[in-house]
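A short worksheet on the structure shown next.
The values are calculated or read from the model by the stated rules, or taken from the named source; none is laboratory data. In this text the structure is predicted, and so the values were computed from the model without any measurement. For neighbour counting, all protein chains shown are included, and Cβ atoms are generated from backbone atoms with ideal geometry for every residue, glycine included.
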């Protein structure tokens, strides 16, 4: 029995480690307990953001009373002037309002209620990390591919490319097509597959 309990504990530890490894994105509640409101200090949201480290894929959650505030992502020009035209995406009027930081750089958010942004209900966050689009990967020629050589008078004709001197086809060189990046569901499918294996192992141990 002790051996089974130790095995179950090890499996549970592996599951937790896997979940934390896959779910690397963080969720931040803007303003923590204060939430999204007209701040008592002009630098409140700037100071809050300075304490965090935002990465691509992280999520901002804005909490505020219904009909009391809104939140919208805007350009830097609108952030500086508190302009509410040409917002980036829809203005969110109900909480919790969630925004995924999907690219590096600085993101700007304001409340669109009249006078609220000028009263410093505004937030700028700087996001670090690579963009969501992975760069194309250049294929490496296979070691088995045969490079053509220039025939000489003292040597027989060079075999055609892709055919070894013995007459057997050489290993086919890889296509020049770039390797596509993994889909966004790769982490989720990996997690589900791992948990399925763990479930089978637990069932076997409990038998």
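Just to be sure I understand the filter: pairs with C-beta atoms under 9 Å, separated by 6 or more residues or on different chains, first member in segment 15-36 and more than 20 Å from residue 101 (Cβ to Cβ), second member surrounded by 11 or more Cβ atoms within 10 Å (Cβ to Cβ) and modelled with pLDDT of 85 or more. Which pairs pass?
Cβ pairs passing all conditions: 34/44; 34/48.
Could you check residue 77 against (1) over 13 Å from residue 123 (Cβ atoms); (2) at pLDDT 95 or above; (3) assigned to a loop (DSSP other than H, G, I, E, B) and say which number it fails?
Here residue 77 clears every test but (3).
Step by step: first the residues of segment 96-118, then only those that are in a loop (DSSP other than H, G, I, E, B) and surrounded by fewer than 19 Cβ atoms within 10 Å (Cβ to Cβ), then the one that is nearest to the chain's Cα centre (by Cα). Which residue is that? Spell out the reasoning first.
Initial filter on segment 96-118 (in a loop (DSSP other than H, G, I, E, B)): 96, 101-104, 111-118.
With surrounded by fewer than 19 Cβ atoms within 10 Å (Cβ to Cβ) added as a condition, the list becomes 96, 102-104, 113-115, 118.
Working: 96: 21, 102: 7, 103: 9, 104: 11, 113: 32, 114: 35, 115: 35, 118: 33 Å.
Of everything passing the filter in segment 96-118, 102 is nearest to the chain's Cα centre (by Cα).
Determine, yes or no, whether residue 10 is at pLDDT below 55, more than 24 Å from the chain's Cα centre (by Cα) and either surrounded by 12 or more Cβ atoms within 10 Å (Cβ to Cβ) or over 26 Å from residue 104 (Cα atoms) (or both). It would help to see each step written out before you state the result.
On the way: at pLDDT below 55: yes; more than 24 Å from the chain's Cα centre (by Cα): yes; either surrounded by 12 or more Cβ atoms within 10 Å (Cβ to Cβ) or over 26 Å from residue 104 (Cα atoms) (or both): yes.
Yes, satisfied.
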